[in-house]
Amino acid sequence: MLIERDIILALKRGEESAFRLIFDQNFKRLFAFSFRLLKNREQAEEVVHDALMNVWVNRERLNDALSITPYLYTITRRLTLNVLRHISTSQKMIDQLWLDIEKVSNNTEESILLTDLQRFTDSSLHILPSQQQLVFKMSRYEGLNYDEIAEQLNISRHTVKNHLIAALKTLRTHFNVSDMSCFFILSSFLIKK
C-alpha cells in the first residue's frame with residue numbers, strides 16, 4: 001500500500017491514478033463536511049469537486065512533507081463559505097428586488113387608482129351645492145379640519161360636519177358603487193378618520 005507521501009509525489013508528477021486515489025479516499029468525508037454547512041447535495045458535491053480540481057491544478061505546489069487532508073479541508077471550507085456568502089448575498093438581493101418591485105407596483109397601482117378617483121371626484125363635485133363643494137374641497141384637498149373650515153367660512157363646526165356628511169352621501173350615490181372593493185377604496189379616499 002502506498003503511503004501518503006508517495007501518493008503526493010505521484011500526484012505532483014501528474015499521475016492521474018494518484019489523483020483518483022486521493023479523490024476516492026477523501027470525497028465522502030469532504031462532501032459530508034460541506035453538506036453539513038450547505039444543506040444542499042448538489043452544492044456540496046460541486047464544492048468538493050472544485051476543491052479536488054484545485055488540488056489537481058495546483059499539484060506542483062503541494063508540499064509532500066505534509067498531509068494533504070488538512071489542505072483539502074481548508075480548500076473545501078473556503079469554497080463552502082464562498083457559496084454561503086453568495087447564497088446570502090443573492091437571497092438578500094432577491095428579497096430586496098421583490099420588495100422594490102412590489103413597492104413600485106403598489107405605488108403605481110395606487111397612483112393610477114387615486115388619479116382616476118381624483119378625476120372622477122373632481123368631475124362629480126358639480127352636482128353638490130356650492131357650500132358643500134367648498135367644505136369638501138377645504139377638507140379633502142387642503143387638509144383642513146372641521147374647526148379650521150368653520151373659522152374660515154364663519155360657520156359652526158356642526159354645520160361643517162353636516163355639509164361633509166351630505167356631500168359624501170351625495171357623491172357615494174352619484175358614484176353608484178356596486179363593487180365593494182371599489183367602495184372601500186373610495187371610502188378610504190373620501191372619509192378621513
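What to note about this one:
- Of S124, S67, the order by accessible heavy-atom surface (1.4 Å probe, DNA, RNA and ligands excluded), from most exposed downward, is S67, S124.
- Taking a point 7 Å from the Cα of R5 along the Cα-to-Cβ direction, the residues of the stretch 46-86 with backbone N closer than 19 Å to it are 60-71.
- Karplus-based coupling profile of the stretch 127-142, in residue order and whole Hz: 7, 7, x, 4, 5, 5, 4, 4, 5, 4, 4, 5, 6, 8, 9, 9, with θ = phi - 60° in 6.51 cos²θ - 1.76 cosθ + 1.60 and x standing for Gly or Pro.
- Using the Karplus relation 6.51 cos²θ - 1.76 cosθ + 1.60 with θ = phi - 60°, the per-residue 3J(HN,Hα) values for the stretch 9-20 come to 4, 5, 4, 4, 7, x, 6, 5, 5, 5, 4, 4 Hz, with x marking Gly and Pro.
- Karplus 3J(HN,Hα) series, Hz, for the stretch 61-66 with 6.51 cos²θ - 1.76 cosθ + 1.60 (x for Gly, Pro): 8, 5, 8, 6, 7, 10
- Cα gyration tensor, the stretch 17-56 - rounded (a/c under 1.5), prolate or oblate: prolate
The values are calculated or read from the model by the stated rules, or taken from the named source; none is laboratory data. Here the structure is a predicted model, which means the values were calculated and not measured. Glycine also receives a Cβ, built like all others from the backbone with ideal geometry; neighbour counts cover every protein chain displayed. What goes into the accessible areas is simple: the full protein's heavy atoms, side chains included, and nothing from ligands, DNA or RNA. Shrake-Rupley method; radii C 1.70, N 1.55, O 1.52, S 1.80 Å.
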